[in-house]
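Notes for the one structure printed next.
The values are calculated or read from the model by the stated rules, or taken from the named source; none is laboratory data. All values derive from a computational prediction rather than experimental measurement. Cβ placement follows ideal geometry from the backbone for every residue including glycine, while neighbour counts extend to all protein chains displayed.
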């Protein structure tokens, strides 16, 4: 069964203090790994798609990387507006390509 | 910019009553998902449609939940009767379709259900 595990569950950073979020996955055959940002009371907002090991994507202060077993979301010099829950999801390359989510990392950036 | 529309945004209902949620996906998207998200947890898939057909409803509590997408466009998720444990955010998402590269799933704003 496809599984996604995210760590840490919660992370508190000072503004400007860089860090990384981890997403470990088990999937029969990876079609894609997705990162989403979710603000309280809202739907997830798409950030990145990664398809193969070694791939990297960047957007502003965020950079996502992928290996055969895990993905990292690196946050460089975060700002308070980066505070949100970050969700990771995998899509298998079999069947109807179900999208399976992890439980997320709650990030709080203090000024 | 194209968006996934959901309504209502909030719903309060009494235990044992019926409740329905509506979703209008991005135009042209063949794949539609309904997810349930309990506070502090990740989204859990309830049902996946490919056009008008259900392709995965393995986690849908079929004794009380039903979903339809009659013309392969908009979709309705119904709960009857609602139970206290159904209180959650119900999220709808859509993507271009199977076998298509570079198609991410886009989410609506969700419906927050509170059962009292």
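So, of the residues in region A:1-15 that are within 10 Å of chain B (Cβ to nearest Cβ) and surrounded by 13 or more Cβ atoms within 10 Å (Cβ to Cβ), which turns out to be nearest to residue A:98 (Cα to Cα)?
Checking each candidate, the answer is A:4.
Using the structure shown, decide if residue B:9 is within 14 Å of another protein chain (Cβ to nearest Cβ), more than 19 Å from residue A:95 (Cβ to Cβ) and touching a helix residue (DSSP H, G or I) at 6+ places or on another chain (Cβ under 9 Å).
Criteria not met by residue B:9.
With surrounded by 14 or more Cβ atoms within 10 Å (Cβ to Cβ) and over 28 Å from residue A:106 (Cβ atoms) as the only criterion, which of B:43, B:81 stands out?
B:81
In region A:92-105, which residues are within 20 Å of residue A:59 (Cβ to Cβ) and more than 8 Å from every other protein chain (Cβ to nearest Cβ)?
The one that is within 20 Å of residue A:59 (Cβ to Cβ) and more than 8 Å from every other protein chain (Cβ to nearest Cβ): A:105.
What are the pairs, 6+ residues apart or on separate chains, where a residue within region A:29-49 that is more than 10 Å from every other protein chain (Cβ to nearest Cβ) and within 11 Å of residue B:104 (Cα to Cα) has its Cβ under 9 Å from a residue that is part of a loop (DSSP other than H, G, I, E, B) and modelled with pLDDT under 95?
A:33/A:27; A:33/A:51
Identify, please: which residue in region B:102-116 is assigned to a loop (DSSP other than H, G, I, E, B) and more than 8 Å from every other protein chain (Cβ to nearest Cβ) and is, among those, modelled with the lowest pLDDT?
Restricting to residues being assigned to a loop (DSSP other than H, G, I, E, B) and more than 8 Å from every other protein chain (Cβ to nearest Cβ), the top hit is B:103.
Could you list all residues from region A:92-111 that are farther than 24 Å from residue A:43 by Cβ and in contact (Cβ under 8 Å) with a residue 24 or more places away in the chain? Walk me through it before giving the result.
The initial filter retains those residues of region A:92-111 that are farther than 24 Å from residue A:43 by Cβ, namely A:93-95, A:110-111.
Those that are farther than 24 Å from residue A:43 by Cβ and in contact (Cβ under 8 Å) with a residue 24 or more places away in the chain: A:93, A:94, A:110, A:111.
Report, by residue number, each residue of region A:53-91 that is more than 14 Å from chain B (Cβ to nearest Cβ) and touching a residue at least 60 places away in the same chain (Cβ under 8 Å).
A:75, A:77, A:78, A:79, A:80
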